[in-house]
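Single-structure report; data block below.
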Amino acid sequence: MMGLAEFIAGIPKCELHVHIEGTLEPEMMFELAERNDLVLPYTDAAQLRATYNFHDLPSFLKAYYQGMEVLLTEQDFYDLAWAYLTRAHAQNVRYAEIFFDPQAHTSRGVCFGTVIRGLRRALVDAHRLLGLRAQLIMCFLRDLPAGFAMATLLESLPYKEWIVGVGLDSDERGNPPSAFAAVFERARAEGYFLTMHCDVDQENTTEHIRQCLDVVGVDRIDHGVNALDDPALHTEIARRGLGLTVCPISNRHVRGDLGHDSLRRMLDLGLRATVNSDDPAYFGGYVTENLLAVSEAAGLGEREVLRLEHNAFEIAWLPAGVRDTYLAELRAYGKDREVSSRAAHA
Ligand code: ADE
Ligand code: ZN
């Protein structure tokens, strides 16, 4: 009989919160460093990985920005995205919305076009060769000035067809959503969907979630776990049917546990919670490992896992016809499972 691990491994998946720069595995970092004539201050990938011991968002972000300095050419960005997409495909991810941080590259002298052309080419190849569909979400770095975010937004416009939405990430402390209201208003006018990180247990977190709802009018919230702290917030999120992209293994690094009780509560409240990997190369778990870890900790069963993936496909920024195809595949997966477990018990 199929166990939960096998059920999770096989389920058709939708990943909505993964930073492409956070998928840079130490082995690839070394390969790219060599290709680009850079010397890393570690003897090998294992030694680098052993330094990954994060206790909060800033300690992670330091390693994250340092790591991505090996990304210089269009081919580097292609290889990075291709590596993620092939891994995701192996985990039965059918559709992914992938964050990228252009300012973390343009501020180092890498052209916006270099970044996005490399990423885009990998996405096109993944669809053609693997049948895995993916779209890009451009994130602004909230610890840099809003003027830089606006300039980046304008720089993205020639590539608008390749970007489905915009997000806000990096260090949240002292960098509220309202500081970027004009940037997001313009992004909306340009046709982008809107999301923002409200990382777990940050200073003024509930006020930041409120601003996402009332000032910016986001279409989704990344993490957003602290909405549970205020009934007015989670009631409004439920009323609007907004999605929350929860990242359990990432939570463990930032706040010490998987947030499994919160995930169960979100499901009980009927919120459209989803499970995602965030920065899997740094936190040590792709989407399957996240689903398994949180399901075991929260005591979730197959029905809840199906619900999580159903939520993800429902809130994905996809045309209705495409979404329906994925939802039909998910339904068929659930039905097959029911039939085989009935047969096993007959
Ligand atoms: N950038 C990459 N990962 C992030 C996260 N989890 N929170 C904020 N900014 C990020
Ligand atoms: Zn994130």
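The values are calculated or read from the model by the stated rules, or taken from the named source; none is laboratory data. Everything numeric here is computed off the predicted structure, so don't read it as measured data. Neighbour counts run over all protein chains shown; Cβ positions are idealised from the backbone, glycine included. To get the accessible areas, we keep the full protein, side chains included, count just its heavy atoms, and leave off ligands, DNA and RNA. Shrake-Rupley method; radii C 1.70, N 1.55, O 1.52, S 1.80 Å.
Pairing residues of segment 301-318 that are of a type in the set (S, T, N, Q) with residues that are open to solvent by less than 20 Å² (accessible area, probe 1.4 Å), at Cβ distances under 6 Å and at least 6 apart in sequence or on separate chains, gives ASN311/THR274. Of all the listed residues (LEU144, LEU136, LEU119), the sole one being within 24 Å of GLU15 (Cβ to Cβ) and away from ligand 2 (no atom under 16 Å from the Cβ) is LEU119.
Restricting attention to segment 300-332, which residues are among the hydroxyl-bearing types (Ser, Thr, Tyr) and either in contact with a Phe, Trp or Tyr (Cβ under 6 Å, 6 or more places away or on another chain) or crowded, with 17+ Cβ neighbours inside 10 Å (or both)? The answer is TYR326, and nothing else.
In segment 62-173, counting only helices (runs of 4 or more DSSP H) that sit wholly within it, none holds 3 or more residues that are out of contact with any His (no Cβ under 6 Å at 6 or more places or on another chain) and at positive phi. One residue stands out in segment 264-278 among those that are within 16 Å of ligand 2 (Cβ to nearest atom) and in contact with a Leu (Cβ under 9 Å, 6 or more places away or on another chain): the one that is farthest from CYS247 (Cα to Cα), namely ALA273. In segment 190-205, the residue that is surrounded by the fewest Cβ atoms within 10 Å (Cβ to Cβ) out of those that are in contact (Cβ under 8 Å) with a residue 60 or more places away in the chain and in a loop (DSSP other than H, G, I, E, B) is GLN202.
When segment 231-261 is examined, which residues are found to be open to solvent by less than 50 Å² (accessible area, probe 1.4 Å) and more than 16 Å from ligand 2 (Cβ to nearest atom)?
Taking segment 231-261 and keeping what is open to solvent by less than 50 Å² (accessible area, probe 1.4 Å), we get 233-234, 236-238, 241-251, 253-254, 258-260.
Of everything in segment 231-261, those that are open to solvent by less than 50 Å² (accessible area, probe 1.4 Å) and more than 16 Å from ligand 2 (Cβ to nearest atom) turn out to be LEU233, HIS234, GLU236, ILE237, ALA238, GLY241, LEU242, HIS260.
Of the numbered criteria (1) open to solvent by 50 Å² or more (accessible area, probe 1.4 Å); (2) hydrophobic (A, V, I, L, M, F, W, C); (3) away from ligand 1 (no atom under 15 Å from the Cβ), the one LEU144 fails is (3).
Identify all residues within segment 99-138 that are of a type in the set (A, V, I, L, M), in contact with a helix residue (DSSP H, G or I) (Cβ under 7 Å, 6 or more places away or on another chain) and closer than 21 Å to ALA151 by Cα; write none if there are none.
Pass one, segment 99-138, residues of a type in the set (A, V, I, L, M): 104, 110, 115-116, 119, 122-124, 126, 129-130, 132, 134, 136-138.
In the following step, the residues that additionally are in contact with a helix residue (DSSP H, G or I) (Cβ under 7 Å, 6 or more places away or on another chain) were identified as 104, 115-116, 119, 122-123, 126, 130, 132, 134, 136, 138.
Scanning segment 99-138 gives ALA104, VAL115, ILE116, LEU119, LEU136, MET138.
Quick check on ALA181: is it over 27 Å from LYS62 (Cβ atoms) and crowded, with 22+ Cβ neighbours inside 10 Å? Taking the combined requirement at face value, the residue does not satisfy it.
Answer yes if at least one residue in segment 252-261 is more than 20 Å from PHE54 (Cα to Cα), among the charged types (D, E, K, R), at pLDDT 95 or above and more than 16 Å from the chain's Cα centre (by Cα), and no otherwise. Scanning segment 252-261 turns up no residue that is more than 20 Å from PHE54 (Cα to Cα), among the charged types (D, E, K, R), at pLDDT 95 or above and more than 16 Å from the chain's Cα centre (by Cα).
Do we find that ILE20 is among the aliphatic types (A, V, I, L, M) and in contact with a strand residue (DSSP E or B) (Cβ under 9 Å, 6 or more places away or on another chain) in this structure? Against the criterion (among the aliphatic types (A, V, I, L, M) and in contact with a strand residue (DSSP E or B) (Cβ under 9 Å, 6 or more places away or on another chain)), ILE20 qualifies.
Considering only residues that are closer than 16 Å to ALA149 by Cα and either within 15 Å of ligand 1 (Cβ to nearest atom) or basic (Lys, Arg) (or both), which ones fall in segment 180-223? Once the filter is applied, which keeps residues that are closer than 16 Å to ALA149 by Cα and either within 15 Å of ligand 1 (Cβ to nearest atom) or basic (Lys, Arg) (or both), segment 180-223 yields PHE180, ARG186, ARG188, THR195, MET196, HIS197.
Only a single item in (1) within 13 Å of ligand 1 (Cβ to nearest atom); (2) more than 27 Å from SER156 (Cβ to Cβ); (3) under 16 Å from the mean Cα position of the chain (by Cα) is not met by HIS19, and it is number (2).
Tell me, yes or no, whether segment 34-48 has at least one residue that is at pLDDT 95 or above and within 16 Å of ligand 1 (Cβ to nearest atom).
First pass over segment 34-48, keeping only residues at pLDDT 95 or above: 34-48.
Filter again for within 16 Å of ligand 1 (Cβ to nearest atom), leaving none.
For segment 34-48, residues at pLDDT 95 or above and within 16 Å of ligand 1 (Cβ to nearest atom): absent.
Restricting segment 7-22 to residues that are open to solvent by less than 10 Å² (accessible area, probe 1.4 Å) and either among the β-branched types (Val, Ile, Thr) or part of a helix (DSSP H, G or I) (or both), the residue that is farthest from ARG337 (Cα to Cα) is GLU21. In segment 275-314, which residue that is more than 16 Å from ligand 1 (Cβ to nearest atom) and outside any helix (DSSP H, G or I) is nearest to ALA328 (Cα to Cα)? Restricting to residues being more than 16 Å from ligand 1 (Cβ to nearest atom) and outside any helix (DSSP H, G or I), the top hit is GLY301. A single member of LEU57, LEU71 is over 28 Å from SER295 (Cβ atoms), within 15 Å of ligand 1 (Cβ to nearest atom) and not β-branched (Val, Ile, Thr), and it is LEU71. Could you tell me whether any residue of segment 48-58 is in contact with a strand residue (DSSP E or B) (Cβ under 9 Å, 6 or more places away or on another chain), part of a helix (DSSP H, G or I) and open to solvent by less than 50 Å² (accessible area, probe 1.4 Å)? Scanning segment 48-58, I find no residue that is in contact with a strand residue (DSSP E or B) (Cβ under 9 Å, 6 or more places away or on another chain), part of a helix (DSSP H, G or I) and open to solvent by less than 50 Å² (accessible area, probe 1.4 Å), so the answer is no.
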